[in-house]
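FYI, it's all coordinate maths here, none of it is from the lab. Note that the structure is predicted; figures quoted are calculated from it, not measured. Note that we place each Cβ from the backbone using ideal geometry, even for glycine, and neighbour counts take in every protein chain shown.
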Amino acid sequence: MGLNLAQKIIKEHLVSGEMVAGKEISIRIDQTLTQDSTGTMAYLQFEAIGIPRVKTKKSVAYIDHNTLQAGFENADDHKYIQTVASKHGVYFSKPGNGICHQVQLERFGVPGMTLLGSDSHTPTGGGIGMLAIGAGGLDVAVAMGGGPYYLMMPKVCKVVLNGKLKPWVSAKDIILEVLRVLTVKGGVGKVIEYAGEGIKSLTVPERATITNMGAELGATTSVFPSDEVTKEFLKAQGREQDWVELQPDTDAEYDEVVEIDLDKLEPMAAKPHSPDNVAKISEIGKIKVDQVAIGSCTNSSFMDMMKVAKVLKGKTVHPDVSLVIAPGSKQVLTMLAENGALADMVSAGARILESACGPCIGMGQAPASDAVSLRTFNRNFEGRSGTASAKVYLVSPEVAAASALAGVLIDPRELGEAPDVSMPSEFVINDNLVVAPAAECADVEVVRGPNIKPFPVNKELTEKVEGKVLIKVGDNITTDHIMPSNAKLLPYRSNVPYLAEFCLTPCDPEFPKRAKENGGGFIIGGSNYGQGSSREHAALAPLQLGVKAVITKSFARIHMANLINSGIIPMTFANEADYDEVENGDELVLENAIEQIKGASELVLKNKTKNKDIKVKVALSDRQVEMILAGGLLNYTRKQNG
C-alpha cells in the first residue's frame, strides 16, 4: 500500500509512535512562526524552559496583529519580542513587513518541511506543500527548543478537484464549498489533502487561500502537492533551490474522499455567523452593503489585489460603502505601488491599511451598528468584527470589489468579462524588514515593559478535584468567547491577570467575579467547544481564575491541547444527555483523581448537589496523563529535563 502526501511528510519527520489514525505520534519540527498576539507568551515560556538557542532550521517572529499603538503596551511587546528573538536565534519580521502566513509563504516556506505556528491559520503553508500546523504557544516554545510536537495521527481526507474554475469564480469559492460540504466540525482529526486535475490550474497563492481556511474545518492541516506550479512560484521568489517535488503514491489510500467539480461552482458567501453557513450569491440576493474589507491571510496576495484593482480601475466606490484594503505583505504593497494598481484603488475611493491583520482580528475598522460587512477573511463569528450587531459575510475579493461599487451584494459575473491577472515571473525581493538574530546570546539584553506579567503555572494534580459549576454554555463556543480579542484587549496579551477579568464575559459578564469568589471550579460546554483561534490565553485565563476542568460534549483540537498544556482536565460527557442534567452552581467532585486519571479513559464525577454520578471521558495519551498529573506541559518538560 502506497502512502499519501500527508503520510509521506509525517513518516519523514516521525520521532515516536505508530502511523495509525487516532494513536499519538510525535514529529520533528523544521520551522516555527509566532506572531505578536501569541508570541509574547510563547517566548516567555521558551525562556522558562531554559534552552539558550532555538534548534529549528528556521524560526521567525512576526509583528502583524497588535500594530495599533494607542498606548505603550504594543510597542513594549514588540521590543520584547525583537530582543528575545535576537538573543535566542529567531528571525524578527518588523511591523509593516506583512502578515505572518503571507510572508512565510513568500520568503521562508519549503515544500516537505514541517511548520508549527502559534496561530490557527498556520496551515496556509500547506499551499506550498508543507505540513503546517497551528498550535498553542507552549507547544511552539517546546518545538523551538528542539522538542518534538505531539499529536494524534490524523486520518487523511482526499478532496479531488475536477475541472477548472469559470471566470469570476475563485479559490475562496472552492474552500467555501468544502466548508459547506464538511462543516466546521468535518475536519476534526483529519488532514485535508487536495488532488485531481483541477489543482494544476491553481497558483500557490490560490492553494494557500484554500489551506488557510481549512482551519475553519477543524482540520489538523491541509496540504497540496509540490509540483511544477510550486516550482514556478518559488522561482519567481528567487528560491528555486528550495523546491522539491512531492506527490502521493499512485496507490495511496485515504480514509475519506470528497469530489468537487470546479466548473460547476459559482460565487458564494458564508453568511452570518459561521464560515460553513454557505450559500450562492445568486441565492442570497442583493442585500445592502455598508462596509467592504479586503485582505487578511486568506486573500491578500498580489494576485488577489490585482484582481481587485482591475475591478475598481476608473470607477468609484458606492457612496454608502466604506472600502478598506490591506495588502498582505510589504512585497505585495511594493509591487502594487510600482505598477500603478495602488493608485487605481485609491482613486476609486479605497482606504489603504498597513500590511497587517487589522480588521480580521478586530483591530480597527469595526462596522457601524447593525451594518452588513463583506470581508475576504476566514471567520465571521458574532462580534469578532468589533461590533456585536454587525452581520459579516465572507466572500472572495472579486465579490467584495464588485459589491463595493454596487452598494449591494452582487454576483461579479454581472460585470461582464473577468479581469485577466497572471502570476508574475518575478516578485520584488526586499527582505530589509527581516532582522537576523545576534550571533552570540550574551550580546543581547532582553527588554521587558511593565505590561509583561508572569504567566500562570498550574500545580500538580491533587487527589480530589472539586468545585462549583461556574458557567454552562452551548455549542460552538469560540476562543473569541472564552478570551475576547478586540482592539481594547489585544494590547494585554502579555498580561494574563488583566485579561482574565474578561474571560467568558461575552457569555456571562459575571463569570470572572464568580470564579474568583468560588476559588475556581468547572466549566460546562456543548459541542465543538473552543473552535477558532489557537490563542492559549483561552486556557491561561481560566487557569488564572482557578478553573480545574472543562466538561463538554466535544472539543476543538487546539483548545483541548492548550487545556492539557495548562494542566486543566478536558472531559467529555460519556452520555451527552448528562449535559442537560448539570446546572450552574452544582458542586462537582472527582474523587481519587490521580488514580482515576491514571487508570481509565472513563471517569466517575460526582454531582454532590444532585447526588448523582456522571460518567465522563478523558481522551488522553500516556504522555498527556503525565502532563495532567504534573500540572501542565511546562512542569512536565522541566521534570523530564531534570
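Annotations for the structure displayed:
- Within the straight-line cut-off of under 28 Å between alpha carbons, the lysines reachable from residue 94 are 55, 57, 58, 79, 231, 235, 307, 330, 453, 488, sequence neighbours fewer than 8 places apart in one chain being disregarded.
- Sorting the segments 626-633, 607-614, 510-517 by their residues' average number of neighbouring beta-carbon atoms within 10 angstrom, most packed first, yields 626-633, 510-517, 607-614.
- The stretch 146-200 and the stretch 319-339 have Cα centres separated by 28 Å.
- The computed Kirkwood radius over Cα pairs in Å for the structure shown corresponds, within (i) 28.4; (ii) 29.1; (iii) 24.7, to (iii).
- Against the chain, whose longest principal axis comes from its Cα atoms, helix 330-339 is set at around 10 degrees.
- Across the options 423, 297, 38, the greatest Cα extent toward the positive end of the charge dipole of the chain (unit charges at beta carbon of Lys, Arg, Asp, Glu) belongs to 38.
- Dipole magnitude of the stretch 23-104, debye to nearest 20 (Cβ charges: Lys/Arg +1, Asp/Glu -1, about Cα centre): 480 debye
- The distance separating the Cα centre of the stretch 426-446 from that of the stretch 269-302 comes to 37 Å.
- Degrees, to the nearest 10: 72-88 long Cα axis against longest axis of the chain: 80 degrees
- Antiparallel bridge percentage (DSSP; both residues within the stretch 268-413; nearest 5): 30 percent
- Packing-based ranking, highest mean first, of 247-253, 340-346 given that Cβ atoms within 10 Å are counted: 340-346, 247-253
- Here the chain is treated with +1 on each Lys and Arg Cβ and -1 on each Asp and Glu Cβ, and its dipole about the Cα centre works out to around 920 debye.
- Fraction of antiparallel bridges per DSSP, the chain only, in percent to nearest 5: 35 percent
- Rounded to the nearest 20, the size of the Cβ-charge dipole of the stretch 465-640 about its Cα centre is 520 debye, with Lys and Arg at +1 and Asp and Glu at -1.
- With respect to the chain, whose longest principal axis is taken over its alpha-carbon atoms, helix 36-49 is tilted by about 40°.
- Violating pairs (Cα-Cα greater than 20 angstrom) within the set 459/516; 513/548; 185/286: 185/286
- The distance from the alpha carbon centre of the stretch 70-135 to that of the stretch 554-628 is 34 Å, rounded to a whole number.
- Of the residues 194, 168, 138, the one whose Cα sits farthest toward the positive end of the charge dipole of the chain, with +1 on the Cβ of Lys and Arg and -1 on the Cβ of Asp and Glu, is 138.
- Ordering 630, 21, 56 by the projection of their Cα atoms onto the charge dipole of the chain, which places +1 on the Cβ of Lys and Arg and -1 on the Cβ of Asp and Glu, puts 630 at the extreme positive end.
- 222 nm mean residue ellipticity, helices alone, for the chain (DSSP H n ≥ 4; -39,500 (n - 2.57); rounded to 500): -8000 deg cm²/dmol
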